[in-house]
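Have a look at the structure below, then the notes.
The values are calculated or read from the model by the stated rules, or taken from the named source; none is laboratory data. Note that the structure is predicted; figures quoted are calculated from it, not measured. Cβ sites come from the backbone with ideal geometry, for glycine too, and all protein chains shown count toward neighbours.
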Amino acid sequence: MDNAVAQRPLSELMRCRIQPRKRDEALYQRCLADGLSELQARILAGRLSGYHGELEPLVAPSLRHLAHPEKLKDARRAAERIALAVTEGEHIGILTDYDVDGITSHVVILRTLNELFGVPAHKLHSLIGHRINDGYGISLPLVERTLALSPRPSLVITADCGSSDEPRIARLREAGIEVIVTDHHALPLDGPPASAYATVNPTRSDCEFPDRTIAGCMVAWLTMSLTRSVLIELGVLSSSTPKLSAWLSYVALGTVADCVSLGGSAINRAVVTQGLMLINRMEAACWRAMAERLGADSVPFDAETLAFQMGPRINARSRLDDPYAALHFMLAADEGTARQHLDVLDQDNQSRKAIEADMTESARALAMRDLAEGEQVIVVYLADGHAGVQGIVASRLVQAFGRPALVLTPAAAPGMLTGSGRSIESLHLRDALQRAHDLAPQALPRFGGHRGAAGIGLPVEQLEAFRRALRQAVAEQLGECELYPCVFTDGGLKPQQLCLTTLDELARLAPYGREFDAPLFDGEFVVENLRAVGADGSHLMLELSSDGMSIRAIWFRALTPGETPAFGLGARLRCAYKLSRNRWKGRESLQLMIEHAELLS
């Protein structure tokens, strides 16, 4: 514990600070020399520190920057085994995670096998775990359901899971079922699961694929693309068989929703760009139903639509119940069917929001203890919490306190806890969990994840031992690093830049997402008008002025229901804001979306 930190007032530790992003000056000058505008150069240099690669793949994403799937270790072996299953008429299990990445992976594999490779639907078995009852990955209940199938599949293809599931894969293998793992999660220290027929994962130490950050749905797409090539080589398919390009719409959704890097990854940027173009053709019923639900002004979709509209609805289903309604929504053949499933997803999403609000309030109260003691990581246990909302609540704690956070709730198995964690930029969460496991193996028998997010499972009696081990692991990584909630901005804009032309200029650098955040600016404004809006009065609509220019702004979740603003007309605010295109009845105007504001004296 840092005693100096512990002695500081809680109000100071919780105060959010607006700070400028660090800028890579060499990259900034290179961008200017390559013909980018000053603003575009500022955006890139604030997000890609240390980047020495070509700029063109980032600013003009293209599918020609995709790497060949053969560069993925075991991809050829996996493709040949899948091709054999297709030609021999085997029953095939498709086992994927329950989140958006897993669901979109499932769609890619299922539609490819059925529509492109001609595998009859009755020979394809969808296997998706229940988040609450089964847990993540190739869980034991999912293994039991697989073994109970009749006829039983002789091959199981996973996506977005499997890398850490050797004991369950061994169980399937003993029963005569071969397992091909396609995944993107970090592998255990002892390497790929030994019982898997093949493990296609770009994070393998022996893998030559140039991008380790691709999503699970992209790994599945590459594997199935290579399988198409193998089937053509064997003469089973005609060379005129369509490529999998149309499925990149699903890959774009899974990539954005799984929060993989959209920074220095030319592949991810290309996939999302191409996928959005396909989505906006509105050829699939799921996209049309969502556009109808969001309203005409929501089209064309962008990466934020996928991240904040599509993604949460699909995830909400698996957070609260079984995920098959989400799968059926994505696969719907007509708009009527899509609307029915979307109704279910919407209802779940509203329930999720209510549960999240209650859990976040309880978690914040418990987190104050860790904060008061100067702890660098927040670990809260909610005895009555819902396991499906842990990750979202952890994210809220990170935003509020500027510290990595883990939220735990009771697991389905008696005496066990399950948890989800979210991290900050300066901490690699999975590495910290690995170190905590090394310090106290019995306190953390199961964990997995990425730099920024992870999931864990542990016995309830080991909770304090886990806290101690994790605190030590985090301290070893962070040292004396001061932690506090921050809003990092790209600096200010001149009054003449507050226009739709600037928004177009920024849009040319899209897509934005993880490690390539949407542009955020700061500036001082005078409040000319304000009113609470929204069903519960929690949002603020504002008229702001700066240097004689007036502009409309919206600040979502500025207030708790029933609360009145802490400022009035004439107040001077320092705001961190995004530029937003407000569409209304076919007309467009610029508005600011306030992310954070500080009252100036």
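Here are a few things to note about the model shown:
- Residue list for the stretch 306-335, restricted to those being under 18 Å from the mean Cα position of the chain (by Cα) and free of Cβ contacts under 8 Å to residues at least 24 places away in the same chain: Phe308, Gln309
- Single residue of Val398, Val379 found to be aliphatic (A, V, I, L, M) and out of contact with any Phe, Trp or Tyr (no Cβ under 8 Å at 6 or more places or on another chain): Val398
- Residues that are of a type in the set (Asp, Glu) and not in a strand (DSSP E or B), drawn from the stretch 510-527: Glu515, Asp517
- Any pair with Cβ under 7 angstrom, 6 or more apart, that starts in the stretch 209-223 at a residue that is more than 15 Å from Ala186 (Cα to Cα) and ends at one that is among the hydrophobic types (A, V, I, L, M, F, W, C) and in a loop (DSSP other than H, G, I, E, B): Pro210/Ala67; Leu222/Leu72
- The residue list Leu110, Leu95, Leu44 contains one member that is under 22 Å from the mean Cα position of the chain (by Cα) and within 24 Å of Thr199 (Cβ to Cβ), which is Leu95.
- If you go through the stretch 212-222 and pick out every residue that is buried (at least 24 other Cβ atoms within 10 Å of the Cβ) and not in a helix (DSSP H, G or I), you end up with 2.
- When residues of the stretch 566-601 are limited to those that are of a type in the set (Phe, Trp, Tyr) and under 14 Å from Glu543 (Cα atoms), the one nearest to the chain's Cα centre (by Cα): Tyr577
Yes/no matrix, rows are residues, columns are (1) touching a strand residue (DSSP E or B) at 6+ places or on another chain (Cβ under 9 Å); (2) closer than 27 Å to Ser298 by Cα:
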{"residue": "Leu530", "(1), (2)": "yes, yes"}
{"residue": "Ala535", "(1), (2)": "no, yes"}
{"residue": "Ala566", "(1), (2)": "yes, no"}
{"residue": "Lys578", "(1), (2)": "yes, yes"}
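- Filtering the stretch 560-596 to residues that are more than 29 Å from Arg21 (Cα to Cα), out of contact with any helix residue (DSSP H, G or I) (no Cβ under 9 Å at 6 or more places or on another chain) and not in a loop (DSSP other than H, G, I, E, B) leaves only Arg587.
A quick yes/no check of all residues on (1) touching a residue at least 60 places away in the same chain (Cβ under 8 Å); (2) of a type outside the set (A, V, I, L, M, F, W, C); (3) crowded, with 20+ Cβ neighbours inside 10 Å; (4) in a strand (DSSP E or B):
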residue: Asn529; (1), (2), (3), (4): no, yes, no, yes
residue: Ala532; (1), (2), (3), (4): no, no, no, yes
residue: Ala558; (1), (2), (3), (4): no, no, yes, no
residue: Glu598; (1), (2), (3), (4): yes, yes, no, yes
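- Verdict on Asp258 being under 21 Å from Asp160 (Cβ atoms), of a type in the set (D, E, K, R) and either crowded, with 20+ Cβ neighbours inside 10 Å or in contact with a strand residue (DSSP E or B) (Cβ under 9 Å, 6 or more places away or on another chain) (or both): yes
- Output for the stretch 426-457, where each listed residue is aliphatic (A, V, I, L, M) and outside any loop (DSSP other than H, G, I, E, B): Leu429, Ala432, Leu433, Ala436, Leu439, Ala443, Ala453, Ala454, Ile456
- Here Thr502 passes the criteria (1) closer than 17 Å to Gly523 by Cβ; (2) touching a Lys or Arg at 6+ places or on another chain (Cβ under 9 Å) except the one numbered (2).
- Residue satisfying all of: in the stretch 534-554; at pLDDT 95 or above and either within 26 Å of Arg47 (Cα to Cα) or in contact with a helix residue (DSSP H, G or I) (Cβ under 6 Å, 6 or more places away or on another chain) (or both); surrounded by the fewest Cβ atoms within 10 Å (Cβ to Cβ) among these: Ile554
- Test: residue in the stretch 456-469 that is surrounded by fewer than 20 Cβ atoms within 10 Å (Cβ to Cβ) and closer than 30 Å to Gly254 by Cβ: yes
- The one condition from (1) closer than 30 Å to Pro445 by Cβ; (2) crowded, with 19+ Cβ neighbours inside 10 Å that Leu140 does not meet is (2).
- In the set Arg77, Arg47, only one residue is touching a strand residue (DSSP E or B) at 6+ places or on another chain (Cβ under 7 Å), in the same structural domain as Gln497 (by TED's automatic domain parsing) and touching a residue at least 12 places away in the same chain (Cβ under 8 Å); that residue is Arg47.
- Of Ala67, Ala83, all but one fail to be surrounded by fewer than 22 Cβ atoms within 10 Å (Cβ to Cβ), among the aliphatic types (A, V, I, L, M) and not assigned by TED's automatic domain parsing to the domain that holds Arg508; the exception is Ala67.
- Candidates Leu406, Leu397: the one that is under 24 Å from Tyr136 (Cβ atoms), crowded, with 21+ Cβ neighbours inside 10 Å and in contact with a Leu (Cβ under 8 Å, 6 or more places away or on another chain) is Leu406.
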